[in-house]
1. With a Förster radius of 30 Å, plug the Cβ-Cβ distance of A141 and A96 into 1/(1 + (r/R0)^6) and report the FRET value to the nearest 0.05.
2. List the relative contact order of the chain as a percent without decimals, with contacts defined as Cα pairs under 8 Å and 6+ residues apart.
3. Roughly how big is the chain's charge dipole about its Cα centre, with Cβ charges of +1 (Lys, Arg) and -1 (Asp, Glu), in debye to the nearest 20?
4. With runs of 4+ DSSP H residues as the only contributors, calculate the mean residue ellipticity of the chain at 222 nm using -39,500 (n - 2.57) per run, divided by the residue total and rounded to the nearest 500.
5. How much length is gained if the chain between Y67 and E34 is pulled fully straight, taking 0.36 nm per residue apart and subtracting their Cα-Cα distance, in nm to one decimal?
6. Once the other residues with Cβ under 11 Å from the Cβ of L135 are scored (Lys, Arg +1; Asp, Glu -1), what is the net sum?
7. Rounded to the nearest 5, what % of the DSSP beta bridges within the chain are antiparallel ones?
8. Zone of F111 (label point 7 Å along Cα→Cβ, backbone N under 13 Å): which residues in the range 134-152?
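Quick note: the coordinates plus some simple rules give every number you see, no bench work behind them. The model shown is predicted, which means the values in this text are computed figures rather than measured ones. No Cβ is skipped: glycine too gets one built from the backbone with ideal geometry, and neighbour counts run over all protein chains shown.
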Amino acid sequence: MPTVSRITVHHEGNAFSGSDEYSAIARRLANIREGHIRRRPEPFADIGYHFIIDPSGRIWEGRPIRYQGAHVEAQNEQNLGIMLIGNFDVQRPTQAQLISLESFLVDRMRFYRVPVSRVYTHRELKSTACPGRNLQSWMIAARSPAGTFARA
Ligand SMILES: [Zn+2]
């Protein structure tokens with residue numbers, strides 16, 4: 001991927017419960033990657049997201065940023081994909097996840113000079129429930145004029 005000109009936020013879509021130990025999250029991400037690689041009829045080359053934020057707020061590298069992601073159908077060009085583990089239609093992101101998302105996203109906006117108008121959620125680009133209503137409402141507030149992203 002030559003550069004990043006937009007950022008899209010996702011949720012996993014599976015409710016999170018249980019262990020957030022490093023090994024448990026590593027297994028969960030390996031399963032997501034397997035699902036993406038075995039996808040039919042169009043398998044992905046690798047996990048579709050560039051970064052994943054787990055319930056403890058740890059940030060995992062998914063697909064290396066030098067490669068285009070596979071996270072918004074037909075809109076992956078120059079699009080950095082960040083996924084938060086959980087289903088935010090039925091649960092809320094953890095405070096640790098939101099703190100990580102906030103600082104990481106601001107950092108990436110500054111690094112790539114992405115304006116707040118180019119920070120999306122999946123459902124704003126495609127018809128989908130992703131990233132769930134609880135993360136969607138948080139993203140709307142964060143991008144509002146008083147929000148963290150607007151001031152990035
Ligand atoms: Zn999504």
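1. Values: r = 18 Å, r/R0 = 0.60.
Efficiency, from the Cβ-Cβ distance: 0.95.
2. Values: 268 pairs, mean separation 46.9, N = 152.
Rounded, it is 31 percent for the chain.
3. Values: 20 positive and 14 negative charges, 63 e Å.
That gives the chain a dipole magnitude of about 300 debye.
4. Working: 4 runs with 49 residues, N = 152.
My calculation for the chain gives -10000 deg cm²/dmol from helical runs alone.
5. Details: separation 33, 0.36 × 33 = 11.88 nm, distance 1.78 nm.
This chain segment gains 10.1 nm when fully extended.
6. Details: positive: R92, R123, R133; negative: E12, D89.
Local charge sum for L135: +1.
7. Numbers: 3 of 15 bridges.
Percent antiparallel among DSSP bridges in the chain is about 20.
8. Counting only backbone N, you get no residues.
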